[in-house]
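The structure appears right after this line, and notes come after that.
The values are calculated or read from the model by the stated rules, or taken from the named source; none is laboratory data. On a predicted model such as this, the values are computed, not experimentally measured, just so you know. Virtual Cβ from ideal backbone geometry, glycine too; neighbours counted across all protein chains shown. Calculation scope for accessible area: heavy atoms of the full protein, side chains included, ligands and nucleic acids excluded. Shrake-Rupley method; radii C 1.70, N 1.55, O 1.52, S 1.80 Å.
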Amino acid sequence: MNDRADNTPAIEAEGLTKIYGTGNTEVVAMRDVSLRIQRGEVVALLGPSGAGKSTLLTALGLINPPTVGRITIGGVPVMDGAKSLVDARAFRRQHLGFVFQKANLIPFLNALQNVQVALEIADVPPRQARHRALELLDYLGVADRAHALPDALSGGQQQRVAVARALSNHPSLILADEPTAALDSQRGRQVMELFRKVAHEQGAAVIVVTHDQRALDVFDRIFEMEDGRLRPAQLPVQPSAKPLDAKHDPATSIKD
Amino acid sequence: MNLAVHDIRHNLGRFVLTSFGIGLLLMIVLGMSGIYRGMIDEALVVVNRIDADLWVVQRNTRGPFAEISRVPANLEDRIRAVPGVISARSFVAHTIQRERRGKPLRISVQGLAWPEDKGEWLPLVAGRSLAQAHFEIVADRSLGFALGESLALGKDTYTVVGLTRGMVSSGGDGLAFFTVRDAQAVQFDLPGEAIRLERAARRARAGEMDVGRVTPLLLDRASGLAAGIPAFGPPMVSAVLVKLAPGVESARVAATISGWPDVSVHTADGQRQLLVMGLIDKARRQIGLFRVLLVFISTIIMALIIYTLTLDKIHDIALLKLMGARNGVIVGLILQQAVLLGAIGYGIAVLLGDWVFPKFPRSVVVSPADYWALAAVVAGISIVSSLLGIGKAMRVEPNKVLS
């Protein structure tokens, strides 16, 4: 799918609505959300708790289908209302990457294996998977910690391993849910810059749900959600449209 | 990448401890089979080794191992006259209880016909078989006697000349082999006062009968040795063991002897059947039911362990699902751990059992078939017990990672 024509949006959502419960207990978590993101774009999603950010993210990640609306990823229609048009698990395996507030590394696997397992799940032979996993850890500047268990890694290192894992299947879309919430501001910014680097270099679209407004200049576009509605954010800080400074490589500048 | 092995290595201590617990449980299951087989082995040890084709016993009894059987000692002379019989020898079996070093000691006394049967067929681990008609015994080492040790029974003292291994009765009492005469002496030993009273009573009874009044010699004999009274004859024996000539049909000889009104005849196979079905059948069923219960308990415990191990990994399983892992990856993770747990538990059970079972007071015989059966049961338990964990894992939603 990464080889498709560049004009094809990485993801396109139309009229997404999510309703929980029925009758008196009905809650509308997401109202008529439409969105189009190109490859290489880094997009922030802001908003208070309960605004519907995670609902949108899980809908786009084919985890929690919308009640109404359509989702197309890389030109492939994947969701029509609650009906999945593809094998959601197989699609996630091949085309999506996830990063969370917590790194969510598998505790009994070391950093290398945490990345390798994602590749093996995507049917990459073990030897190739190991090689690719090492490349990714090197790309993200944690190759020297490849054989450390998650417990032995700092929060920043864990998050970079999680990003490496998310990148392992060459995703066309990376969904990140508050990936810097557990990090201090410096490390938080480094992770955000990492997303920008990945998006630009690997051609993936990145959607980041965040409360952290200190690194908003990293994003190409910023949206905010309120009461389930999505709109462009009105912020004093303007998102950066500049290409990533080659001298400021987050993978090599992050120090833990 | 084998996730199951990586998880086990990460929690090695807990896994080893759990496997050890499962191993102990499985060892008990294995031991139950062994105890049952040991009971059969012990019950049949004499019948299997004594080399008799037919057992001639008191009419309508099931033989000396099942109940009291008394046949006249001269029955063997009658049997020798039956065509096809090459030997007939008396056999005595009874149990005595004495005290030794302040503890009760039960001895299963076996009387062998001297000089035809000197006990050469016994599995000796020390010493020799019987070499004289009196005052020697070959004892099983489970009785605790030392070679050359003297043992006072009744009015005589016997010397242990040989030791056997694994020769115990169906009740678990060690066997001691005497000559028939000595076994009878032990069995019919009475205190002097009892003999005197019996002789006086016998004389009084004879004096009141016509036969006593008209034959004064009988009155004299009635007050003397029992052996001196032809009507009493020599003491009774438990059974007569018959050996047939090669090619002789045992059923035909058995039918001939069964025609006599005072005896019943059992073939060696019949004697084995009687022992297994009659004597240890209830124990067999009891042990069998207990074994089934243990298998159920093992399954439940293993299922709970696997379920708990799965619960510990529920977040990781949700993550794997989110990454798109097929169900096979997740089922494999749980199933492999269950099978490994079962396999290691089985190994521990076998090793521990081999070490512990010989130390049991009674024989525990584990056959290759028992090992295979337990392996199959463990495989079954492992699969069944993993179902609970697999069911839980299958229900986990990938968005659990976000919570």
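What the table below lists for this structure:
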item: Count of residues meeting criterion [aliphatic (A, V, I, L, M), away from chain A (no Cβ under 14 Å) and either without any contact (Cβ under 8 Å) to a residue 24 or more places away in the chain or open to solvent by 30 Å² or more (accessible area, probe 1.4 Å) (or both)] in region B:1-31; result: 5
item: B:Asp189 being of a type in the set (D, E, K, R) and crowded, with 20+ Cβ neighbours inside 10 Å; result: no
item: Filter result (touching a Lys or Arg at 6+ places or on another chain (Cβ under 9 Å), within 14 Å of B:Met167 (Cβ to Cβ) and without any contact (Cβ under 8 Å) to a residue 40 or more places away in the chain) within region B:82-128; result: B:Ala126
item: Only one of A:Ala82, A:Ala90 that is at pLDDT below 90 and either under 24 Å from B:His6 (Cα atoms) or at the interface with chain B (Cβ under 9 Å from one of its Cβ atoms) (or both); result: A:Ala90
item: Residues that are more than 14 Å from chain B (Cβ to nearest Cβ) and either open to solvent by less than 20 Å² (accessible area, probe 1.4 Å) or not hydroxyl-bearing (Ser, Thr, Tyr) (or both), drawn from region A:57-79; result: A:Val68, A:Gly69, A:Arg70, A:Ile71, A:Gly74, A:Gly75, A:Val76, A:Pro77, A:Met79
item: Residue within region B:394-402 that is hydrophobic (A, V, I, L, M, F, W, C), at pLDDT below 85 and part of a helix (DSSP H, G or I) present; result: yes
item: Single match in B:Ala349, B:Ala343, B:Ala373, B:Ala379 (criterion: open to solvent by 10 Å² or more (accessible area, probe 1.4 Å), under 27 Å from B:Asp41 (Cβ atoms), of a type in the set (Gly, Ala, Ser) and in a helix (DSSP H, G or I)); result: B:Ala373
item: Some residue of region A:196-206 being touching a Phe, Trp or Tyr at 6+ places or on another chain (Cβ under 7 Å) and not basic (Lys, Arg); result: yes
item: Qualifying residue in region A:152-163 (condition: within 26 Å of B:Arg326 (Cβ to Cβ), in contact (Cβ under 8 Å) with a residue 60 or more places away in the chain and either crowded, with 24+ Cβ neighbours inside 10 Å or among the aromatic types (Phe, Trp, Tyr) (or both)); result: yes
item: Per-region count, region A:133-145, residues farther than 17 Å from A:Gln190 by Cβ and modelled with pLDDT of 90 or more; result: 2
item: Residue among B:Gly63, B:Gly13, B:Gly38 that is on the phi > 0 side of the Ramachandran plot and either touching a helix residue (DSSP H, G or I) at 6+ places or on another chain (Cβ under 6 Å) or assigned to a helix (DSSP H, G or I) (or both); result: B:Gly63
item: Output for region A:173-198, where each listed residue is assigned to a loop (DSSP other than H, G, I, E, B), of a type outside the set (A, V, I, L, M) and within 14 Å of chain B (Cβ to nearest Cβ); result: A:Glu178, A:Pro179
item: Residue among B:Ile314, B:Ile330 that alone is buried (at least 21 other Cβ atoms within 10 Å of the Cβ) and within 14 Å of chain A (Cβ to nearest Cβ); result: B:Ile330
item: Test: residue in region A:129-147 that is assigned to a loop (DSSP other than H, G, I, E, B), out of contact with any strand residue (DSSP E or B) (no Cβ under 9 Å at 6 or more places or on another chain) and hydroxyl-bearing (Ser, Thr, Tyr); result: no
item: Residue tally, condition open to solvent by 20 Å² or more (accessible area, probe 1.4 Å) and either more than 8 Å from chain B (Cβ to nearest Cβ) or over 10 Å from A:Ala162 (Cα atoms) (or both), over region A:94-104; result: 4
item: Any chance A:His170 is at pLDDT 85 or above, open to solvent by 20 Å² or more (accessible area, probe 1.4 Å), under 21 Å from A:Ala204 (Cβ atoms) and within 14 Å of chain B (Cβ to nearest Cβ); result: no
